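The values are calculated or read from the model by the stated rules, or taken from the named source; none is laboratory data. These numbers come from a predicted model, not from an experiment. FYI the Cβ positions are ideal-geometry reconstructions off the backbone, even for glycines, and counts take in every protein chain you see.
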Amino acid sequence: MLELTIGIVGATGVVGQTALDLLADEFTDFKVKKLKLYASRASAGKMVTFCNSKITIEEPNLPSMLECNAILFATEASISTEFIPKLAEHGVLCIDKSSAFRAHPSVPLVVPEVNGHLLNPNELKKFPVVASPNCCTIPLVMVLKPLQDKFGLERVILSTYQSVSGAGKPAIDVLTEETKNFFVNQDLTCGKSEIFPKSIAFNVMPYVAGILDNGDTDEESKIISESRKILNSPKLPLAATSVRVPTFVGHGESVTLELSSKVTASQIKETLSEFPGIQIIDEKSAKDEDLGTYGLFVTPRETHGKDDVFVSRIRNTDVFQNGISLWIVSDNLRKGAALNAIQVINSCAANGTLKALSSK
């Protein structure tokens, strides 16, 4: 088994912490020989426990990072932009969770179950950088890809219901404090925080990141452009409305799509059930010993700590000629972020990319 030195930039954030939990489990194609953790100056020097070992957090610095075989960047785009090109020059595989390289024409935007073939050792040896998509894009394309391949895809309309953890630990703290304030002081005064433009407790807001000139939010723009790139459909009609909701973990997506051919809800269920990483929840699964606890649909809270993408409420709709509506939920910190990145590392260990880079 390949033994690797793995780095995590943003190790004290919610995605970095989730990555640590996942790496503590053994993966099929690599073993963590050494783990190097990086975070802001405020966290540097603190100790983190990993598999009974104490690891000192460092500020991001090139000499230390060059000791890694692969690094997960779970931080803001500016840090990725500063360090990734330099690391790539020296053959360090960089998996970037920020938006810094997602639109770069030479950087693959990868969900391993959907387009893992892009993790080409020969190409990655030239520029070993892989972008990991937005936390709503990942579950969306996992559903759209098998339907596109089998039935053809004409257009997609969706609304997302995104938990506050998508905005990081400070956002979790804001929701916690606002909720406490309501129960202690009965105060629901709408006010700004450093994270949200209005109060988030007991509220929803159609605003995730800033609003662009065309009226879309930055989040909506990411979902649209990233889905088109991953599905290799640059002109796919796709509209998204992103909504922040007062939940802690788990994102939901209400999706209506038009397919190229007539299809039944049963055919959709059959097709999606065969795709890795997807669980179908319906009347049939309700009778299953393991899945029956979900009933007829899954909520975001129930996905906490789960790796799969759950699809329920699958039904035909006459809003389009060959219309289908469905409900998608997943843990935004796992498959929507940390797990997807670690799966990329695992794939690159399995296909020889990391071995090739180590000999570069």
### Query
How about the range 22-52: which of its residues are of a type outside the set (Asp, Glu), in contact with a helix residue (DSSP H, G or I) (Cβ under 6 Å, 6 or more places away or on another chain) and in contact (Cβ under 8 Å) with a residue 40 or more places away in the chain?
Leu22, Phe27, Phe30
### Query
Going by the conditions given, is Leu272 touching a residue at least 12 places away in the same chain (Cβ under 8 Å), assigned to a helix (DSSP H, G or I) and touching a strand residue (DSSP E or B) at 6+ places or on another chain (Cβ under 7 Å)?
yes
### Message
Every residue in the range 129-176 that is among the charged types (D, E, K, R) and under 16 Å from Glu113 (Cβ atoms), please.
### Response
Lys145, Asp149, Lys150
### Message
Yes or no: the range 120-136 includes at least one residue that is aliphatic (A, V, I, L, M) and more than 24 Å from Ser78 (Cα to Cα).
### Response
no
### Task
Confirm whether Glu219 is exposed (fewer than 14 other Cβ atoms within 10 Å of the Cβ) and either over 23 Å from Val204 (Cα atoms) or not small (Gly, Ala, Ser) (or both).
no
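Consider the range 343-360. How many of its residues are in a helix (DSSP H, G or I) and not aliphatic (A, V, I, L, M)? Working first, answer last.
Of the residues in the range 343-360, the ones in a helix (DSSP H, G or I) are 343-350, 353-358.
Next cut, not aliphatic (A, V, I, L, M) only: 343, 346-348, 353, 355, 358.
Residues in the range 343-360 being in a helix (DSSP H, G or I) and not aliphatic (A, V, I, L, M): 7 in total.
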### Residue in the range 90-99 that is over 13 Å from Leu72 (Cα atoms) and buried (at least 22 other Cβ atoms within 10 Å of the Cβ) present
no
### Task
Report the residue count in the range 51-91 for those that are assigned to a strand (DSSP E or B) and over 23 Å from the mean Cα position of the chain (by Cα).
5
### Query
Restricting attention to the range 191-225, which residues are small (Gly, Ala, Ser) and not in a helix (DSSP H, G or I)?
Gly191, Ser193, Ser199, Ala201, Ala209, Gly210, Gly215
### Message
Please determine whether any residue of the range 226-249 is outside the structural domain of Ala103 (by the TED database), closer than 30 Å to Asp173 by Cα, part of a helix (DSSP H, G or I) and under 17 Å from the mean Cα position of the chain (by Cα).
### Response
yes
### Message
Checking the structure you have, find out if any residue of the range 108-125 is over 30 Å from Gln279 (Cβ atoms) and of a type in the set (S, T, N, Q).
### Response
yes
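Here's the yes/no breakdown for (1) of a type in the set (Lys, Arg); (2) crowded, with 16+ Cβ neighbours inside 10 Å; (3) farther than 24 Å from Glu154 by Cα:
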| position | (1), (2), (3) |
| --- | --- |
| Lys284 | yes, no, yes |
| Asp290 | no, no, yes |
| Gly295 | no, no, yes |
| Thr303 | no, yes, yes |
| Phe310 | no, yes, no |
| Val319 | no, no, no |
| Gly323 | no, yes, no |
| Leu326 | no, yes, no |
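Could you check the range 310-320 and list, in sequence order, the residues that are farther than 18 Å from Lys284 by Cβ and among the β-branched types (Val, Ile, Thr)?
At the first step, the residues of the range 310-320 found to be farther than 18 Å from Lys284 by Cβ are 317-320.
The answer is Thr317, Val319.
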#### Entry: Hey, Leu212 on the phi < 0 side of the Ramachandran plot and buried (at least 17 other Cβ atoms within 10 Å of the Cβ) or not
no
### Query
So which pairs qualify, if the first residue must be in the range 103-126 and assigned to a strand (DSSP E or B), the second must be acidic (Asp, Glu), the Cβ gap must be under 9 Å, and the two must be at least 6 apart or on different chains?
Leu109/Glu226
### Message
Can you list residue pairs whose Cβ atoms sit under 6 Å apart, with the first residue in the range 299-313 being in the same structural domain as Pro246 (by the TED database) and the second being assigned to a loop (DSSP other than H, G, I, E, B) and among the acidic types (Asp, Glu)? Count only pairs 6 or more apart in sequence or on different chains.
### Response
Thr303/Asp331; His304/Asp331; Lys306/Asp331
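Only one of Ser40, Ser64, Ser99 is polar (S, T, N, Q), over 16 Å from Val129 (Cβ atoms) and touching a Lys or Arg at 6+ places or on another chain (Cβ under 7 Å); which?
Ser64
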